[in-house]
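*Asks:* The following block contains the structure, expressed as structure tokens.
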Amino acid sequence: MSLLTRVVPKYIPPVSSFWAVLEAVNIAALKPATVRRTWAGTDYTFDCYVSQHVKDEYQAGHIVIGDYVLVEVLDWEPDKMGVIAKVYKTW
């Protein structure tokens, strides 16, 4: 596919830490968490690694689907995103 026919998104979200909504969890997968982030009016979904603390909290029932979580991007690479904590919404 040439650059002329390739569809490039209008906006690409910045590669930095962000909060997102936890959409799905599959503990057996390599990247067990799926999160949704809205940026510039567009929803983006990402598969993420999880910390052991987040995995334990999910299995204990303290983190559920629909919770806000903090996502950290390692080395500014979009393929190395990890959920590291639950965010408590106060707004």
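The values are calculated or read from the model by the stated rules, or taken from the named source; none is laboratory data. What you are looking at is a predicted structure, and each value in this text was computed from that prediction instead of being measured. Every residue, glycine among them, receives a Cβ derived from its backbone with ideal geometry; neighbour counts consider all protein chains shown.
*Asks:* Looking only at the stretch 62-75, how many residues end up being outside any loop (DSSP other than H, G, I, E, B), over 16 Å from residue 45 (Cβ atoms) and of a type outside the set (D, E, K, R)? First the steps, then the outcome.
*Replies:* Taking the stretch 62-75 and keeping what is outside any loop (DSSP other than H, G, I, E, B), we get 68-75.
Next, only the ones that are over 16 Å from residue 45 (Cβ atoms) stay: 70, 72, 74-75.
Next cut, of a type outside the set (D, E, K, R) only: 70, 74.
Qualifying residue count, the stretch 62-75: 2.
*Asks:* For residue 78, which of the numbered conditions (1) outside any strand (DSSP E or B); (2) free of Cβ contacts under 8 Å to residues at least 60 places away in the same chain; (3) more than 16 Å from residue 21 (Cβ to Cβ) fails to hold?
*Replies:* (2)
*Asks:* Based on this model, can you work out whether residue 41 counts as small (Gly, Ala, Ser), modelled with pLDDT of 90 or more and out of contact with any Ser or Thr (no Cβ under 7 Å at 6 or more places or on another chain)?
*Replies:* Numbers: small (Gly, Ala, Ser): yes; modelled with pLDDT of 90 or more: no; out of contact with any Ser or Thr (no Cβ under 7 Å at 6 or more places or on another chain): yes.
Criteria not met by residue 41.
*Asks:* I'm trying to understand the selection: among the residues of the stretch 64-91, which are among the small types (Gly, Ala, Ser) and within 19 Å of residue 52 (Cβ to Cβ)?
*Replies:* So the first thing to find is which residues in the stretch 64-91 are among the small types (Gly, Ala, Ser), and the list is 66, 82, 85.
Correct list: 82, 85.
*Asks:* Is one or more of the residues making up the stretch 30-53 in a loop (DSSP other than H, G, I, E, B), in contact (Cβ under 8 Å) with a residue 12 or more places away in the chain, touching a strand residue (DSSP E or B) at 6+ places or on another chain (Cβ under 7 Å) and hydroxyl-bearing (Ser, Thr, Tyr)?
*Replies:* Yes, the stretch 30-53 contains a residue that is in a loop (DSSP other than H, G, I, E, B), in contact (Cβ under 8 Å) with a residue 12 or more places away in the chain, touching a strand residue (DSSP E or B) at 6+ places or on another chain (Cβ under 7 Å) and hydroxyl-bearing (Ser, Thr, Tyr).
*Asks:* OK, next. Take residue 73 and tell me if it is among the β-branched types (Val, Ile, Thr) and within 14 Å of residue 15 (Cα to Cα). Before you say what the answer is, go through the steps one by one.
*Replies:* Details: among the β-branched types (Val, Ile, Thr): yes; within 14 Å of residue 15 (Cα to Cα): yes.
Taking the combined requirement at face value, the residue satisfies it.
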